[in-house]
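Asks: Mind having a look at this structure? Questions to follow.
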Amino acid sequence: MTKLGALIFDVDGTLANTEQEGHRVAFNRAFAEAGYDWNWSVSLYGELLAVAGGKERIRYYLNQYRPDFQPPGNFDEFIANLHRAKTQHYRQLIATGSIPLRLGVQRLIKGARSQGIRLAIATTTAPTNVTALLQHTLGDESPAWFDAIAAGDIVPAKKPAPDIYNYVLRQMDFPPQDCLAIEDSDQGLIAATQAGITTLITVNNYTKDQDFTQAVLVLNHLGEPDQPFSVLAGDAGDNQYVDIELLNHLHHR
Ligand code: XBP
Ligand code: MG
């Protein structure tokens with residue numbers, strides 16, 4: 001049995017709760033700025049999250065909710081421009097520092113680094129969003145802690161397709177059985193599992209009712225020594241927070 005060699009993190013919903021007060025707000029700002037009265041409420045956004053990827057999500061929304069909408073010019077270009085504006089708004093929001101890392105994330109990342117466990121990112125969001133979040137939460141130099149940051153359109157098929165995880169494995173030159181993924185959603189779980197990677201889930205409000213039967217462990221968050229996690233499915237033994245020892249144990253199951 002090999003030792004755990006790498007931890008692969010999802011971003012949105014896993015590193016930080018970026019969807020409701022980050023991405024959703026940024027989409028709405030981009031729509032308003034472009035002169036459209038489209039407003040994605042918290043509950044509508046929960047439904048739209050079924051479609052991974054911002055450009056894909058806008059397209060789905062227009063097809064489903066604004067079937068009569070005629071974009072000025074080319075549809076793909078229209079969506080790409082709107083999404084570019086959304087990304088700028090998102091980065092501005094992140095720069096305010098209003099979206100912190102989730103409980104236990106910083107401790108676990110630092111613990112992995114100190115124990116020589118390699119780190120990577122596998123996300124559907126745009127690469128600049130990942131860098132902005134890492135720099136504003138973990139410091140300017142933190143993106144360099146990750147051997148691979150695989151993000152957005154770098155692969156054609158987004159989660160739940162396994163492509164982004166397969167890309168990370170190729171970049172790191174690591175077999176899936178040496179890695180463990182941390183995700184928050186059913187789409188992320190399917191993607192990582194299909195790539196052959198054992199996956200731990202930390203749920204959030206948007207994902208807590210999804211199907212996580214394939215996960216090795218399902219928690220409300222990673223926990224801290226003074227703020228224990230709750231186990232929603234699986235066996236965490238006597239542990240109260242996720243550390244490298246627990247991850248090694250899960251990885252060997
Ligand atoms: C989450 C997503 C993303 C974000 C928006 O991905 O599906 O689309 O909601 O980001 P993950 P973009 O959990 O894999 O990080 O607008 O940049 O796509
Ligand atoms: Mg996610």
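Asks: Can you check how the C-alpha radius of gyration of the chain compares to 2.2 N^0.38 Å, as a plain ratio?
Replies: Numbers: Rg = 18.1 Å, N = 253, 2.2 N^0.38 = 18.0 Å.
So the chain has a normalised radius of gyration of 1.01.
Asks: Starting from the exponent 0.38 and prefactor 2.2 Å, build the expected Rg for the stretch 1-98 from its residue count and divide its actual Cα Rg by it.
Replies: Details: Rg = 15.8 Å, N = 98, 2.2 N^0.38 = 12.6 Å.
Ratio of Rg to 2.2 N^0.38 Å for the stretch 1-98: 1.25.
Asks: Quick check for you: which residues of the stretch 40-79 have the amide N under 16 Å from the point 7 Å beyond the Cα of THR128 toward its beta carbon?
Replies: 54-55, 79
Asks: Between PRO160, PRO143, PRO72, which gets the highest mean-square fluctuation from a Gaussian network model of the chain, Cα cutoff 10 Å?
Replies: Ranking PRO160, PRO143, PRO72 by mean-square fluctuation puts PRO72 first.
Asks: With a 1.4 Å probe and all protein chains left in place, how much accessible area per residue does the stretch 99-253 have, in Å²? Walk me through the intermediate numbers first.
Replies: Values: 6660 Å² over 155 residues.
About 43 Å² of surface per residue is accessible.
Asks: How many nm is it between the label spots at GLN177 and VAL231, if each spot is 7 Å from the Cα in line with the beta carbon?
Replies: The answer from the label model is 2.6 nm.
Asks: If I build a Gaussian network model for the chain, linking alpha-carbon pairs within less than 10 angstrom, which residue out of LYS86, LYS110, LYS55 has the largest mean-square fluctuation?
Replies: Judging by the Gaussian network model, the answer is LYS110.
Asks: Relative contact order, percent, of the stretch 190-253 when contacts are C-alpha pairs under 8 Å separated by at least 6 residues?
Replies: Working: 77 pairs, mean separation 15.1, N = 64.
24 percent.
Asks: Further question on the same structure: Sorted by packing (mean other beta-carbon atoms within 10 Å per residue), highest first, where do 94-100, 125-131, 168-174 land? Working shown, then result.
Replies: On the way: 94-100: 13.6, 125-131: 20.3, 168-174: 17.9.
The peptides rank, most packed first, as 125-131, 168-174, 94-100.
Asks: So, one more: Of all the stretches in the chain, which is the longest one without any exposed loop site, taking chymotrypsin sites (Phe, Trp or Tyr not before Pro) in a DSSP loop (any state but H, G, I, E, B) with at most 16 other Cβ atoms within 10 Å? Mind dumping the intermediate values first?
Replies: Numbers: sites that count: TYR36, PHE69.
Longest site-free region, per DSSP loop and neighbour criteria: 70-253.
Asks: Just need the relative contact order of the chain here, percent rounded to a whole number, with Cα pairs under 8 Å and 6+ apart. Can you show the working numbers first?
Replies: Values: 415 pairs, mean separation 56.6, N = 253.
Answer for the chain is 22 percent.
Asks: Of all beta bridges DSSP finds with both residues in the stretch 146-253, what is the antiparallel percent, to the nearest 5?
Replies: On the way: 4 of 11 bridges.
In the stretch 146-253, DSSP labels about 35 percent of beta bridges as antiparallel.
Asks: Taking a spot 7 Å from the Cα of LYS110 along the direction of its beta carbon, which residues of the stretch 212-240 have an amide N less than 19 Å from it?
Replies: 222-229, 240
Asks: Still on this structure, I have one more. What dipole magnitude, in Debye to the nearest 20, does the stretch 112-253 give about its Cα centre under +1 on Lys/Arg Cβ and -1 on Asp/Glu Cβ? Walk me through the numbers on the way to the answer.
Replies: On the way: 7 positive and 18 negative charges, 69 e Å.
Around 340 debye, computed over the stretch 112-253.
Asks: So, in Å, what gap is there between the alpha-carbon centers of the stretch 171-238 and the stretch 94-146?
Replies: 17
Asks: Counting each DSSP H run of 4 or more residues in the chain as -39500 (n - 2.57), what helix-only mean residue ellipticity at 222 nm follows after dividing by all residues, to the nearest 500 deg cm²/dmol?
Replies: Details: 9 runs with 99 residues, N = 253.
Roughly -12000 deg cm²/dmol at 222 nm, from the helical runs in the chain.
Asks: Given the pairs LYS3/LYS159; LYS110/LYS158; LYS86/LYS110; LYS110/LYS208; LYS159/LYS208; LYS3/LYS158, which are separated by over 25 angstrom at their Cα positions? Walk me through the numbers on the way to the answer.
Replies: Numbers: LYS3/LYS159 27 Å; LYS110/LYS158 28 Å; LYS86/LYS110 31 Å; LYS110/LYS208 27 Å; LYS159/LYS208 18 Å; LYS3/LYS158 29 Å.
Pairs exceeding 25 Å: LYS3/LYS159; LYS110/LYS158; LYS86/LYS110; LYS110/LYS208; LYS3/LYS158.
Asks: Same structure again: For the Cα atoms of the chain, what angle does the longest principal axis make with the long axis of helix 24-33, in degrees from 0 to 90, nearest 10?
Replies: That works out to roughly 20 degrees.
Asks: Taking a ≥ b ≥ c as the square roots of the Cα gyration tensor eigenvalues, with a/c under 1.5 meaning rounded and otherwise prolate when a/b beats b/c, else oblate, which class fits the stretch 119-237?
Replies: Numbers: a/c = 1.64, a/b = 1.23, b/c = 1.33.
Cα axes put the stretch 119-237 in the oblate bin.
Asks: How many percent of DSSP beta bridges within the chain run antiparallel, rounded to 5?
Replies: 20
Asks: Of the candidates GLY152, GLY35, GLY104, which one comes out as most mobile in a Gaussian network treatment of the chain with C-alpha springs shorter than 10 Å?
Replies: GLY35
The values are calculated or read from the model by the stated rules, or taken from the named source; none is laboratory data. Not measured: the values here are computed from a predicted model. Cβ: placed from backbone, ideal geometry, glycine included. Neighbour counts: every protein chain shown. To get the accessible areas, we keep the full protein, side chains included, count just its heavy atoms, and leave off ligands, DNA and RNA. Shrake-Rupley method; radii C 1.70, N 1.55, O 1.52, S 1.80 Å.
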